[in-house]
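For reference, the structure discussed in these notes is given below.
The values are calculated or read from the model by the stated rules, or taken from the named source; none is laboratory data. This is a predicted model, so every value here is computed, not measured. Cβ sites come from the backbone with ideal geometry, for glycine too, and all protein chains shown count toward neighbours.
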Amino acid sequence: MRVLSEIAESPFVISRLSPDSTATGGFIGGWVGKCHGFLHNTVLVLASILFVAYLAYEAKKSLSKLSNRRSYIMIAYYGFLWLVSLLNLAWCCLQAWECTPGKEVIWNLLTLFTTSGMLFLEVSLVAFLFQGNYASGAEALTRTFLISGLVIGLDLLLKAIYLFGFGVPLFIDNNEHIHKFKWGLWVIHKLLLAGIYGMIFFMYNSKWRERLPARPAFYKYITVMLALNGLSLFACALTANGAHFGLWLYGITSVCYHAFYLPLLYVTFLADFFQEEDLNLENVYYSEMKDAGFFDADWE
């Protein structure tokens, strides 16, 4: 534990908040050094700007493909991806608000809607792929978004109650005073997510894998998300027990999530749709299914 404490206190790692880390010296001064630190903020902002710039660069071709293929799910999902990407960009650029007096409410609202939007994309992706790789039609869209909306609505309501009803600082971290009840809530939240991804990962490695989409990219996505949520769960558990290293580790997982989740989502779910022609796309999926062993029984 001594080694972990030394790592957490190292000047070369991402900074953590304290009551004295207010964003003084103007916006630039607070953004660079007074809140999370230059490295933390730079990684977040650069990653989010690059991804939004890529979406903008590909927008004309993407809209043309969506118009030609008329997939309701893809049109809606692409629109939500743009909305959440812009919210995430704002969240990444306004990190100084977390430790600026008087900005607590607006920071909580921004974080609440940003994280809820990203969670909505997570839930929707799993629901989409369980209905088939590119299921289309108003019925499939309605069913998927209804399930996702109910889950996210409940999650958002509970977080809002804890934030504004009970005053639990869910989105403001404090290194000098660890709020154990808050971190206990995050343990439950991360445990649920890790459990869902773990269940899907187990299904892939069991006799029930035929019920899942035959796309290796999807399983790689599940593996990455299981690892990230498992690490985040471990960090929350450490922090809830008073270990400052856990707070540092949670900061690392948060940076990874906000910087790289949306690009991972795009590569997993949307990239093939926008870049491949219909026939080539079918050949790609057939090859992936064959490599995954889904046709082995036909040759026996």
Among the residues of the range 70-114, the number that are within 20 Å of residue 55 (Cα to Cα) and in a helix (DSSP H, G or I) is 23
The range 110-123 - residue that is under 12 Å from the mean Cα position of the chain (by Cα) and hydroxyl-bearing (Ser, Thr, Tyr) and, of those, surrounded by the fewest Cβ atoms within 10 Å (Cβ to Cβ): 116
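Just to be sure, is residue 66 in a helix (DSSP H, G or I), within 22 Å of residue 151 (Cβ to Cβ) and not hydroxyl-bearing (Ser, Thr, Tyr)?
Details: in a helix (DSSP H, G or I): yes; within 22 Å of residue 151 (Cβ to Cβ): no; not hydroxyl-bearing (Ser, Thr, Tyr): yes.
Judged against the criteria, residue 66 is not a match.
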Just checking, how many residues over the range 19-56 are at pLDDT 95 or above and more than 27 Å from residue 253 (Cβ to Cβ)? 1
Taking residue 115, is it out of contact with any Asp or Glu (no Cβ under 6 Å at 6 or more places or on another chain) and over 30 Å from residue 215 (Cβ atoms)? no
Per the filter on the range 170-204, residues closer than 20 Å to residue 101 by Cα and without any contact (Cβ under 8 Å) to a residue 40 or more places away in the chain are 179
Condition met for residue 149 (modelled with pLDDT under 90 and either surrounded by fewer than 16 Cβ atoms within 10 Å (Cβ to Cβ) or in contact with a strand residue (DSSP E or B) (Cβ under 8 Å, 6 or more places away or on another chain) (or both)): no
Being surrounded by 22 or more Cβ atoms within 10 Å (Cβ to Cβ) and either under 13 Å from the mean Cα position of the chain (by Cα) or on the phi > 0 side of the Ramachandran plot (or both) is the filter here; which residues of the range 228-257 pass it? 229, 232
Is it the case that some residue within the range 204-227 is at pLDDT below 95, of a type in the set (A, V, I, L, M), surrounded by 14 or more Cβ atoms within 10 Å (Cβ to Cβ) and over 21 Å from residue 264 (Cα atoms)? no
Pairs, first over 15 Å from residue 266 (Cα atoms) and touching a residue at least 40 places away in the same chain (Cβ under 8 Å) in the range 38-66, second surrounded by 13 or more Cβ atoms within 10 Å (Cβ to Cβ) and among the hydroxyl-bearing types (Ser, Thr, Tyr), C-beta under 7 Å, six or more apart: 40/15
